[in-house]
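The values are calculated or read from the model by the stated rules, or taken from the named source; none is laboratory data. Quantities reported herein were computed from a predicted structural model and do not represent experimental measurements. No Cβ is skipped: glycine too gets one built from the backbone with ideal geometry, and neighbour counts run over all protein chains shown.
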Amino acid sequence: MKRPILVSLLIITTFSLFAQDSTRSSRRTSKEEKKEAHRQRINAMIKQEEEGALIYSKQSIFGIQLRTNGYGIFYEIGKLKTRRKTTVYAAELTEIKDAKEEKNPPNGFFSFNNPYVFGKINNFYQLKLGFGQQYLIGQKGNKNGVAVTAVYHGGLSLGLLRPYYLDVEDTIGNRTIKFSPEDSSLFLGGRGRILGSAGIGKGWGEMKVRPGAYAKGAIRFDYGRYNELVSGIEIGISIDVYSEKIPILLLAKQRQIFFQGHIAFLFGKRK
């Protein structure tokens, strides 16, 4: 009776050890296959990079832009979808200035007071949030080449109006004012004297929001030597449409639609 039991235990143990060895062997094979596949992907990426291809899964870009009607900054995250297409998510902060704005030294002479813009009633900022695509037009050809891409996106644009304050002197004395119907004559220098602008610290707690939308299109030239880093120039145009007209200068035509061109300097990284 004991002998059959011992034989059975021996058979079960043998099968158990064989199964464990098979499992370990299978795991080792799976790990080796994964390592080999990873090694091949890296080699392929290195080869493509040497050939000038932009290879990445995600990129982040910071841009400083000079516009035909102001300036701004933006931040963009891109996720590669195909070899040529990347989905982009963008945030942008800009300031629009009226084409008729001119800074004046107080009284036309040098002064320790801040220069001011005659007739300006609001500073106009834009906070934009949007998404779109980047499309690869041409690869670099080699590491020292230039990659050309087109980018287009659109979304929400929040117009932010900050009252413009002036330091003035009149029969009441020296005071700081913003535009109002009561002080319109003094604001334009009709009575009293404008000493200068009150500076950038005024009006932030009085901002008004004007909702709108935007669309942007641009061409990028990426001349970065290494794919991990973004270095380039962007040239493009954009349009902003708001729910109502935006008052910037008192004596200028108020607009609801803004169309502008820009050039931007790009910095960033890929992984």
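Assorted remarks:
- The single condition from (1) in a loop (DSSP other than H, G, I, E, B); (2) touching a strand residue (DSSP E or B) at 6+ places or on another chain (Cβ under 7 Å); (3) of a type in the set (Gly, Ala, Ser) that ALA213 fails is (1).
- Residue check, ILE96 under 22 Å from PRO211 (Cα atoms), modelled with pLDDT of 85 or more and either hydrophobic (A, V, I, L, M, F, W, C) or outside the structural domain of VAL168 (by TED's automatic domain parsing) (or both): yes
- Sole residue being within 13 Å of GLY63 (Cβ to Cβ), touching a residue at least 60 places away in the same chain (Cβ under 8 Å) and among the charged types (D, E, K, R), chosen from ASP222, ASP240: ASP222
Condition check ((1) more than 34 Å from the chain's Cα centre (by Cα); (2) more than 28 Å from PHE259 (Cβ to Cβ); (3) at pLDDT 85 or above) across all residues:
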site	(1), (2), (3)
ASP167	yes, yes, yes
GLY173	yes, yes, no
SER184	yes, yes, no
LEU188	yes, yes, no
ARG210	no, no, yes
ALA215	no, no, yes
ILE219	no, no, yes
LEU229	no, yes, no
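- Just one of the numbered conditions (1) under 20 Å from GLU95 (Cβ atoms); (2) out of contact with any Phe, Trp or Tyr (no Cβ under 6 Å at 6 or more places or on another chain) is not true of GLY224: (1).
- Single condition GLN260 does not satisfy, out of (1) among the polar types (S, T, N, Q); (2) surrounded by 15 or more Cβ atoms within 10 Å (Cβ to Cβ); (3) outside any strand (DSSP E or B): (3)
- Yes/no for PRO163 being assigned by TED's automatic domain parsing to the domain that holds GLY132, buried (at least 18 other Cβ atoms within 10 Å of the Cβ), over 21 Å from the mean Cα position of the chain (by Cα) and at negative phi: yes
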